[in-house]
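Asks: Before I ask anything, let me first share the structure, which is written out below as structure tokens.
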Amino acid sequence: AAAGGFTDVCAMPNTKPINDTRAVTEMIVHRARAIGGSRLHPIGAITVGQKGQALTEMADLREAGAVAVSDDGHCVTSSAVMRRALEYATTFDLPVIQHAEDHALTDGAQMHEGAISTKLGLKGWPRVAEDIIVARDVILAEYTGAKYHLAHASTEGAARILREAKSRGISVTAEVTPHHLLLTHEALLGYDTACKVNPPLREAHDVEALQLALADGTIDCIATDHAPHSTLEKECELAEAAPGLTGLELCVPL
């Protein structure tokens, strides 16, 4: 991160072990201080094991140094769990960061659902899988009064929902990645596993909508969504490739 020009990093909890306990958070903070370089701001998990069921002890995570909670990579699809998470997090003034994906709509998906996925013969991920979760979460955030943050927004619909929510004073924020701001699903032509990301690269009108949303403040910041993988995890069939880009190295060049 320091080599990439970043002074501060918010580290998601989808590590091994998952950052869902005070002990893990403290270990991460201690390791980061010992190494020096970029300042680390750990993000704890919303649910134990990122399984979307039992809530973590957010009080302990906060005291250990967590600045927010998220099940990044695993959407909290249960409305009941998400409501409880928002209410509990509000007690400790922790933002809840959501990876918006209705997993029932994306099972087996390899890329954005559209003309390119059809051409390549790959199962597509419809943009509504993101939009549905964002819409539900905005309603829950308004109901609970919690701080809600959308990770890696990728669709025109998500931007529209966020804009409407902000216009009514709901406490929602969002980020967009460099690759979702600049690249489209056409980057997957040739079955390029380097461009397999989660959420997937969308279409040109999504890119345009995200750029506009960033410019007008609907989207609050750019975040790398750094997800490094070894060549073994990328130099294989697209269906077997791990999703993600080495955002810390690619952010400034992009």
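Asks: Carbon and sulfur atoms: what percent of the 1.4 Å accessible area of the range 128-214 do they account for?
Replies: The computed percentage sits at 58.
Asks: Under 5 Å between amide hydrogens, which residues at least 5 positions from A68 or on another chain qualify, with H placed 1.01 Å from N in the peptide plane?
Replies: HN-HN under 5 Å from A68: G44.
Asks: Suppose we flag GluC sites (Glu not before Pro) only when DSSP calls them loop and at most 14 other Cβ atoms lie within 10 Å. Which is the longest uninterrupted stretch of the chain?
Replies: 1-234
Asks: Semi-axes of the chain's equivalent ellipsoid from the Cα gyration tensor, sqrt of 5 times each eigenvalue, largest first, rounded to whole Å?
Replies: Rounded to whole Å, the semi-axes are 27, 22, 18.
Asks: Could you tell me which trypsin sites (Lys or Arg not before Pro) in the range 116-187 are loop residues by DSSP with no more than 12 other beta carbons within 10 angstrom of their beta carbon?
Replies: Working: sites: K119, K123, R127, R136, K147, R160, R163, K166, R168; in loops: K123, R127, K147, R168.
Passing sites in the range 116-187 are R168.
Asks: Viscosity 0.890 mPa s, temperature 25 °C: what is the translational diffusion coefficient of the range 101-230 from Stokes-Einstein with a Kirkwood Rh over Cα pairs, rounded to a whole number of µm²/s?
Replies: Taking Rh from Cα pairs, D becomes 164 µm²/s.
Asks: Right, another one. Given charges of +1 on the Cβ of Lys and Arg and -1 on the Cβ of Asp and Glu, with all other atoms neutral, how large is the dipole of the chain about its Cα centre, in debye to the nearest 20?
Replies: Values: 21 positive and 34 negative charges, 87 e Å.
With Lys and Arg at +1 and Asp and Glu at -1, about 420 debye.
Asks: Ordering D192, D107 from largest to smallest accessible area (1.4 angstrom probe), what's the sequence?
Replies: D107, D192
Asks: Pull up the cross-link candidates among the aspartates and glutamates for K51, meaning alpha carbon to alpha carbon under 17 Å and not fewer than 8 places away within one chain.
Replies: K51 reaches D20, D71, D72, E101, D102, D107.
Asks: From the cross-link list K147/K196; K16/K123; K16/K166, which pairs have alpha carbons spaced over 32 Å apart?
Replies: Listed pairs above 32 Å: K16/K166.
Asks: Under 10 Å, Cα contacts only: if you run a Gaussian network model on the chain, which one of D102, D131, D60 comes out with the highest mean-square fluctuation?
Replies: D60
Asks: Over the range 138-217, what relative contact order in percent results from Cα pairs under 8 Å that are six or more residues apart?
Replies: RCO, the range 138-217: 36 percent.
Asks: Okay, next question. Please build a GNM for the chain, connecting alpha carbons under 10 Å apart, and tell me which residue among D216, D72, D206 fluctuates the most.
Replies: Highest fluctuation of the listed residues: D216.
Asks: Which residue, A151, A100, A11, tops the fluctuation ranking in a GNM of the chain built on C-alpha contacts under 10 Å?
Replies: A11
Asks: When a/c reaches 1.5 or more, the comparison of a/b and b/c decides; with that in mind, is the range 50-147 rounded, prolate or oblate per its Cα gyration tensor?
Replies: Values: a/c = 2.99, a/b = 2.22, b/c = 1.35.
Since a/c reaches 1.5 and a/b is larger than b/c, the shape of the range 50-147 is classed as prolate.
Asks: Kindly give Rg over Rh for the range 138-214, based on alpha-carbon atoms, with the Kirkwood expression for the hydrodynamic radius.
Replies: Using Cα coordinates only, the ratio equals 1.06.
Asks: Nearest-5 percent of antiparallel DSSP beta bridges in the chain?
Replies: 5 percent
The values are calculated or read from the model by the stated rules, or taken from the named source; none is laboratory data. Keep in mind it's a predicted model, so treat the numbers as computed, not measured. When we count neighbours, we look across all protein chains shown, and the Cβ atoms used for this are built from the backbone with ideal geometry, even at glycine. Side chains are part of the model used for accessible areas, which takes the heavy atoms of the whole protein and leaves out ligands, DNA and RNA. Shrake-Rupley method; radii C 1.70, N 1.55, O 1.52, S 1.80 Å.
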